[in-house]
Amino acid sequence: MLPTVIAPSILSADFARLGEEVKAVETAGADWIHFDVMDNHFVPNLTFGPMVLQAIKPWTTLKIDAHLMVEPVDALIESFAKAGADLISIHVEATRHLDRSLRLIRSFGKEVGVVLNPATPVAALDCVLAEVDLVLLMSVNPGFGGQAFLPHVLDKVRDVRRRIDALGKPIRLQIDGGVTPETIVPLAAAGADTYVAGSAIFKHADYAAPIAALKAGAARAG
Ligand code: DX5
Ligand code: ZN
């Protein structure tokens, strides 16, 4: 298993102080910064674009993990690559030519992530798993922070873990949505290693305690 990664989603941060918020979670023990891009088309909400990513980049040395919930996606892959994203994840549901879009991410020298919505079967990974650095399983329907974890995703986590182990490649298995110090325990036991958490971190005044609690929860699964 790869070391646990906690990636705070700045969707739940104070947008008026985004740079300081990014620095604060880094100081509090975050491993990556998760950047949720929503377009009011693929998902029913609107967040921020590549210029905002470029603006926060000098505030952190952590990997910036851009989760693109946009359709069409290809033109924005280039924009986010140039803005300084380190890892770019795209939804299988949002591109007609998944293999081409994943190769486009790689062509900019970025790490490649593929995302499945809660109702998308794991079989959607069949022809691309060997080409990616990360699989993201959504454990809420994307669009909003603060939603409840969908427990049926645990079966998908076990399934993807088996497929990654069978390939023998160091592919990360990330979960996004409703991750808390409680839900992270069965997720880690099922084989996840990388966690996005928005409200579970930013609802607290002190970010170090919830980040430590998430890490302790993942470690508890052993
Ligand atoms: C959902 C986003 C998530 C979200 C997670 O569409 O992709 O990253 O911010 O928020 P919480 O942790 O509050 O469920
Ligand atoms: Zn996300």
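We did not get these values from a lab; they are worked out from the coordinates using the rules stated. What you see is a predicted model, and the numbers here were worked out from it, not measured in a lab. So basically every Cβ, Gly included, is an ideal-geometry build from the backbone, and we count neighbours across all protein chains shown.
Hand me the trypsin sites (Lys or Arg not before Pro) from the range 93-192 located in a DSSP loop with no more than 14 other Cβ atoms within 10 Å, in residue order please.
Sparse-neighbourhood loop trypsin sites (Lys or Arg not before Pro): 96.
Net charge within 9 Å of residue 142 by Cβ-Cβ distance, Lys/Arg positive one each and Asp/Glu negative one each, not counting residue 142 itself?
That sum, taken over residues with Cβ under 9 Å, equals -2.
Could you please rank 91, 204, 152, placing first whichever residue has the fewest other Cβ atoms within 10 Å of its Cβ?
152, 204, 91
Once you sort the root eigenvalues of the Cα gyration tensor of the range 108-160 as a ≥ b ≥ c, which label holds: rounded (a/c under 1.5), prolate (a/b larger than b/c) or oblate (the other case)?
In terms of gyration-tensor shape, oblate.
How compact and how long is the chain, expressed as Rg and Dmax of its alpha-carbon atoms in Å?
15.9, 45
Classify the range 66-132: rounded, prolate or oblate, from the alpha-carbon gyration tensor (a ≥ b ≥ c, eigenvalue square roots; a/c under 1.5 rounded; otherwise prolate if a/b is larger than b/c)?
Note, shape of the range 66-132 comes out prolate.
Which of these, 166, 13, 130, has the largest mean-square fluctuation under a Gaussian network model of the chain (Cα springs below 10 Å)?
166
Please label the shape of the range 25-73 as rounded, prolate or oblate, based on the square roots a ≥ b ≥ c of the eigenvalues of the alpha-carbon gyration tensor (a/c under 1.5 means rounded; beyond that, a/b larger than b/c means prolate, else oblate).
prolate
Which of the peptides 209-217, 51-59, 67-75 is most tightly packed, and how do the rest follow, judged by the mean count of other Cβ atoms within 10 Å per residue?
67-75, 209-217, 51-59
So how do 39-46, 186-193 stack up, highest first, on mean other-Cβ count within 10 Å?
In descending order of packing, they fall as 186-193, 39-46.
Using Cα pairs closer than 8 Å and at least 6 residues apart in sequence, work out the relative contact order for the chain, in percent.
Normalised by residue count, the contact order of the chain is 20 percent.
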